[in-house]
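Right, one structure below, let's go through it.
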Amino acid sequence: MPTGRFGRRRGDRGERGDRGQVTVEFLGVIPLILVVLIVVWQCVLAGYTYSLAGNAADEGARAGAAAETGGAAACADAAREDLPSAWQDSVSTECREEGGLFKATVRVKVPVLFPGAADFPWTVTGTAGAAKEN
């Protein structure tokens, strides 16, 4: 039977050893794990915002190109409707017709951790164009 120091058996109450050391080390690493998760989540939100801005601009340009009259208003409405409600408060749209092409630019602010709570001071820009339909 294996014995520890002083001739006692391992696991006896007299010898504590390094029991619980893994728990203490894990508790020390938890803040680092949380910071990494927060940074990864914020990067995911920024990427998703880029995707939303590009898709909203595409929808707006198509709606503006298909409208017979009031293409700019149709473009802005379609771009806003395409965004989720949490992003609609921080959106700005610019729609214009240049020759036979209808262009839409959508600017959306990147949220901080939770969409709809607070926004970073920078914006993501999505642009798209569609040929004017006759």
From the list 20, 54, 47, 28, which one is within 30 Å of residue 88 (Cβ to Cβ) and either loosely packed, with under 10 Cβ neighbours inside 10 Å or without any contact (Cβ under 8 Å) to a residue 60 or more places away in the chain (or both)?
47
Give all pairs with beta carbons closer than 7 Å in which a residue from region 118-134 that is without any contact (Cβ under 8 Å) to a residue 40 or more places away in the chain meets a residue that is among the aliphatic types (A, V, I, L, M); count only pairs at least 6 apart in sequence or on separate chains.
118/112; 119/110; 119/112; 120/110; 120/112; 122/110; 123/108
Across (1) in a loop (DSSP other than H, G, I, E, B); (2) free of Cβ contacts under 8 Å to residues at least 60 places away in the same chain; (3) farther than 18 Å from residue 47 by Cβ; (4) in contact with a helix residue (DSSP H, G or I) (Cβ under 9 Å, 6 or more places away or on another chain), residue 69 clears everything bar (4)
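Residue-wise test of (1) in a helix (DSSP H, G or I); (2) within 29 Å of residue 38 (Cβ to Cβ); (3) within 28 Å of the chain's Cα centre (by Cα).
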residue	(1), (2), (3)
76	yes, no, yes
81	yes, no, yes
86	yes, yes, yes
92	no, yes, yes
105	no, no, yes
109	no, yes, yes
113	no, yes, yes
125	no, yes, yes
129	no, no, yes
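This table checks each residue for (1) closer than 14 Å to residue 53 by Cα; (2) aliphatic (A, V, I, L, M).
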position	(1), (2)
94	yes, no
101	no, yes
108	yes, yes
111	yes, no
128	yes, yes
Subset tally (residues that are of a type in the set (S, T, N, Q) and without any contact (Cβ under 8 Å) to a residue 24 or more places away in the chain) for region 93-113
0
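Values quoted throughout were computed directly from the atomic coordinates according to the rules given, and no laboratory measurement underlies them. Just so we're clear, the structure is a prediction, and the values are computed from it rather than from any experiment. Note that we place each Cβ from the backbone using ideal geometry, even for glycine, and neighbour counts take in every protein chain shown.
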